[in-house]
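Structure record follows, encoded as structure tokens.
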Amino acid sequence: MDAREQFERNGFVVVDNLLTADELAHFEPLVTRAVRERSGADLRPLVERSPYEQSFQQCMNLWEDYPEIRPLTFHQRIGATAAALLGADAIRLWHDQALYKRAHGRETDAHQDQPYWPIAETDTITAWIPFQGSTIANGAMGYLPGSHKAGIRKFQNIFQAESTDELLSRPELASIEPVYVEVPAGSVAFHAGMTVHMAKPNTTDQDRAVHTMIMFADGCTRGSDQWHFSTERDEIKVGDVIAGPGTPIVWPRAEGDYPDAPTPLPDVLHQFAAKGSLPTR
């Protein structure tokens, strides 16, 4: 079974050797520094943070205020792979984000990504890049195989640690056991926006360093007035195609061609985000 068949059947797939050792050694310090700078003023110990913050430190849209990270977010091998898995001629960026699960951070609660976004179509995909690889011990991702085809689209409030019992006990999901996947360094895990997924706690003394890119097929439209900065900033109306400086084409692009940062996010948008999660340009 090839990668696209696995992705279509299970809703996730790991593709090996998309990043070289040199690329990992180059990008990891850049992303780690960006996360440190974004969240550096927050000195609260892990135990004093919300359950969501104990699951991971989230820093979104790093490509906007850290130009040196753009070659990773707009990486053409990764973008081409994502497009092939979706069967899309071109794909756009919804947003990138670092997800650093701190040493001894808690599990990530089960959820789907798609309900957080006002994208009508389900041609969405996340590329999940663990710089040192992921293991069961440091917070490996788990997936419910086939859950992307179960017909469920439920907003799960992981921000408030809402119980996942209702989601996981749904008849369509109750008999599906999660599959936890260790991803070697250099490999990339992809999952569909409708796939139910979660992650193990980080039981090690080191942070689990991950960079992700959420992408969608070019031509997708806004399906509701649900708020999200990716549509608000470009004034995308319900029914309109989602396209603008805030959601640039990831693939195909010429090598070395990276988009300029869009107009800075309005201050009002920052009230919807945790400290350090959005650019402050």
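The values are calculated or read from the model by the stated rules, or taken from the named source; none is laboratory data. Computed from a predicted model, the values in this text were never measured in an experiment. Every residue, glycine among them, receives a Cβ derived from its backbone with ideal geometry; neighbour counts consider all protein chains shown. Note: areas computed on protein heavy atoms with side chains; ligands, DNA, RNA excluded. Shrake-Rupley method; radii C 1.70, N 1.55, O 1.52, S 1.80 Å.
So that you can scan it fast, the table gives a plain yes or no per residue for (1) under 25 Å from Lys200 (Cα atoms); (2) assigned to a helix (DSSP H, G or I); (3) among the charged types (D, E, K, R); (4) over 18 Å from the mean Cα position of the chain (by Cα):
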{"residue": "Arg4", "(1), (2), (3), (4)": "no, yes, yes, yes"}
{"residue": "Glu8", "(1), (2), (3), (4)": "yes, yes, yes, yes"}
{"residue": "Asn17", "(1), (2), (3), (4)": "yes, no, no, yes"}
{"residue": "Glu23", "(1), (2), (3), (4)": "no, yes, yes, yes"}
{"residue": "Arg36", "(1), (2), (3), (4)": "yes, yes, yes, yes"}
{"residue": "Glu53", "(1), (2), (3), (4)": "yes, yes, yes, no"}
{"residue": "Gln58", "(1), (2), (3), (4)": "yes, no, no, no"}
* Identify, from the list Ala25, Ala3, the residue that is open to solvent by less than 80 Å² (accessible area, probe 1.4 Å), farther than 30 Å from Lys149 by Cα and at pLDDT 85 or above. => Ala25
* **Leading residue by the ranking (nearest to His104 (Cα to Cα)) among those in the range 53-89 that are of a type in the set (Gly, Ala, Ser) and open to solvent by 40 Å² or more (accessible area, probe 1.4 Å)** => Ala84
* Asked: Scanning for something farther than 22 Å from Met215 by Cα, open to solvent by 70 Å² or more (accessible area, probe 1.4 Å), in a loop (DSSP other than H, G, I, E, B) and out of contact with any Asp or Glu (no Cβ under 9 Å at 6 or more places or on another chain), does the range 144-164 turn up at least one residue?
  -> no
* If you take the residues in the range 215-244 that are of a type in the set (Val, Ile, Thr) and open to solvent by 10 Å² or more (accessible area, probe 1.4 Å), which one is farthest from the chain's Cα centre (by Cα)? -> Val238
* **Of residues in the range 199-214 being assigned to a strand (DSSP E or B) and within 19 Å of Gln112 (Cβ to Cβ), the one farthest from the chain's Cα centre (by Cα)** => Ala199
* Asked: Does the range 28-48 hold any residues that are closer than 19 Å to Asn138 by Cα and modelled with pLDDT under 95, and which are they?
  -> Val35, Pro45, Leu46, Val47
